[in-house]
Ligand code: ITT
């Protein structure tokens, strides 16, 4: 029997990546299947805090869905940490350019702000990592979600390259590569990414539990 998972994300790029990485054995739904689910204010100071908030909000909202008694809710909070910026944009990655809690900024604006912040920094000062925390919660319960994290080390390029992926992918060069995720594409990103690392841990946990 495939496991039923509702992915608590409104980011279509993320949900596509998660679905591709989960593969067979999972029946995935997304927020597209629940367009009236409430929006969550991502105001926690950690990725884990926001991931838990997103997961539990959807568990609560789904409590009357009768076909979801045996299911799971999976939330992903993720972002980019740049060492010389003290870990920024961090939990504020999606809204870096706007500087507010409300509403994500366009990817191009976030990327332009990051390049401006790093102007004149040589490559050895452009170290960065993607970080992802996944919160997995059982539908129908309010138990604390299980958390899985993943990171992907690399550095920030001097100019955007490639149109694959989303977010900061055109600027992020993973360790041991010379091209950005925007150029390398989904297959290589799917082996190296922070999201893939977190999902590997989640799958292992599900097999053992
Ligand atoms: P949901 O909260 O609905 O899942 P979101 O886009 O708001 O969607 P986050 O709050 O977790 O998600 O913000 C993640 C941001 O971090 C995302 O908008 C990108 O800017 C960046 N990011 C995360 N993972 C990334 C990846 O794999 N490639 C490029 N950028 C990524």
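The numbers here are math on the coordinates, done by the rules we state, and not lab data. Please read all numbers here as calculations on a predicted model, not as lab measurements. No Cβ is skipped: glycine too gets one built from the backbone with ideal geometry, and neighbour counts run over all protein chains shown.
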(request) Over the alpha-carbon set of the stretch 129-187, work out the extent along each principal axis and list the three values in angstrom, largest first. (result) 46, 19, 18
(message) As a footprinting exposure proxy, order 72, 61 by other Cβ within 10 Å, with the fewest listed first.
(response) 61, 72
(request) Please order 139, 46 by the number of other Cβ within 10 Å, starting at the fewest. (result) 46, 139
(request) Taking the chain as the reference, fit the longest principal axis to its C-alpha atoms, fit the long axis of helix 12-22 to the helix C-alpha atoms, and give the angle between the two in degrees, 0 to 90, nearest 10. (result) 70 degrees
(message) Considering the Cα positions of the stretch 1-159, please state its Rg to one decimal place and its Dmax as a whole number of Å.
(response) 17.0, 57
(request) For the stretch 17-79, divide the Cα radius of gyration by the Kirkwood radius and give the resulting Rg/Rh value with two decimals. (result) 0.97
(message) For the chain, what does the relative contact order come out to in percent, with C-alpha contacts under 8 Å and a separation of six or more?
(response) 19 percent
(request) Run through the DSSP bridge list for the chain and note the antiparallel percent, rounded to the nearest 5. (result) 75 percent
(request) Using only Cα atoms, find the angle between the long axis of helix 107-117 and the longest principal axis of the chain, and express it within 0 to 90 degrees, rounded to the nearest 10. (result) 40 degrees
(request) Starting from the eigenvalues of the Cα gyration tensor, five times each then square-rooted, give me the equivalent ellipsoid semi-axes of the stretch 89-209, largest first, whole Å. (result) 29, 19, 12
(request) Kindly rank 155-166, 119-130 from highest to lowest mean number of other beta carbons found within 10 Å of each residue. (result) 155-166, 119-130
(request) Report, in degrees rounded to the nearest 10, the 0 to 90 angle that the Cα long axis of helix 194-208 makes with the longest principal axis of the chain. (result) 30 degrees
(message) At a 10 Å Cβ-Cβ cut-off, how would you order 34, 96, fewest neighbours first?
(response) 34, 96
(request) Take each of the peptides 142-151, 7-16, 76-85, average the number of other beta-carbon atoms within 10 Å over its residues, and list them starting from the highest. (result) 76-85, 7-16, 142-151
(request) Take every Cα pair under 8 Å in the stretch 66-141 that's 6+ residues apart, average their separations, divide by the length, and report that relative contact order as a whole percent. (result) 47 percent
